Amino acid sequence: MVEVVFWEKPGCGGNARQKARLRASGHVVIERDLLAEPWTAASLSAFLDGLPVADWFNRAAPRVKSGEVVPEALGAREALALLLAEPLLIRRPLMMIGDARLVGFDEAALERRIGLTPVASPVGEGCPKGAEPHPPCPAPAV
């Protein structure tokens, strides 16, 4: 059993499935609101350092999907400023496991790091609603 601090968008179906996967594997999940967290450049960079800038972004965010924000076209400083100003753009979940900081839900990496109970269908990342038009997830409570 491992303690996982899990920053999510409240109400996100994908994040709910990811937390359920961790709990089913015997881990303790401590939920945090990604959008309400008082992120600083230093606290967010602790998760992002070492990743390509494009991997910092939530591909399902409306501004990314629409092409208004093109992560591959941004430098690190500009991207970090954008993420701090608009946390909905941050790729999620962010997880802290001990001293490790992780971005996204990579089941193979989590299996190696903390162990996961085998399942028939992987949970993975992304919106479980797929690419079809659908109503947005509920807005987080303020």
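The values are calculated or read from the model by the stated rules, or taken from the named source; none is laboratory data. Keep in mind that what you see is a predicted model, and the values were worked out from it rather than measured. Cβ atoms come from the backbone with ideal geometry, glycine included; neighbour counts cover every protein chain shown. Ligands, DNA and RNA are excluded from the accessible area calculation, which covers all protein heavy atoms including side chains. Shrake-Rupley method; radii C 1.70, N 1.55, O 1.52, S 1.80 Å.
Observations on the model:
- Unmet requirement for residue 79, which otherwise passes all of (1) at pLDDT 95 or above; (2) more than 12 Å from the chain's Cα centre (by Cα); (3) hydrophobic (A, V, I, L, M, F, W, C); (4) open to solvent by 50 Å² or more (accessible area, probe 1.4 Å): (4)
- Only residues that are surrounded by fewer than 20 Cβ atoms within 10 Å (Cβ to Cβ) and modelled with pLDDT of 95 or more were counted across region 3-15, and they come to 2.
- Residue match in region 20-31 (condition: assigned to a loop (DSSP other than H, G, I, E, B) and open to solvent by 30 Å² or more (accessible area, probe 1.4 Å)): yes
- For region 32-55, the condition holds for at least one residue, the condition being that it is part of a strand (DSSP E or B), modelled with pLDDT of 95 or more and within 29 Å of residue 115 (Cα to Cα).
- Each residue in region 99-125 was checked for being at positive phi and either open to solvent by 50 Å² or more (accessible area, probe 1.4 Å) or at pLDDT 95 or above (or both), and 1 pass.
- The residues of region 1-44 that are closer than 17 Å to residue 91 by Cβ, among the polar types (S, T, N, Q) and in contact (Cβ under 8 Å) with a residue 12 or more places away in the chain, listed by number, are 15, 18.
- Within region 56-69, tally of residues that are closer than 16 Å to residue 95 by Cβ and in a loop (DSSP other than H, G, I, E, B): 1
- Filter result (hydrophobic (A, V, I, L, M, F, W, C) and within 26 Å of residue 23 (Cβ to Cβ)) within region 62-102: 88, 90, 94, 95, 96, 97, 100, 102
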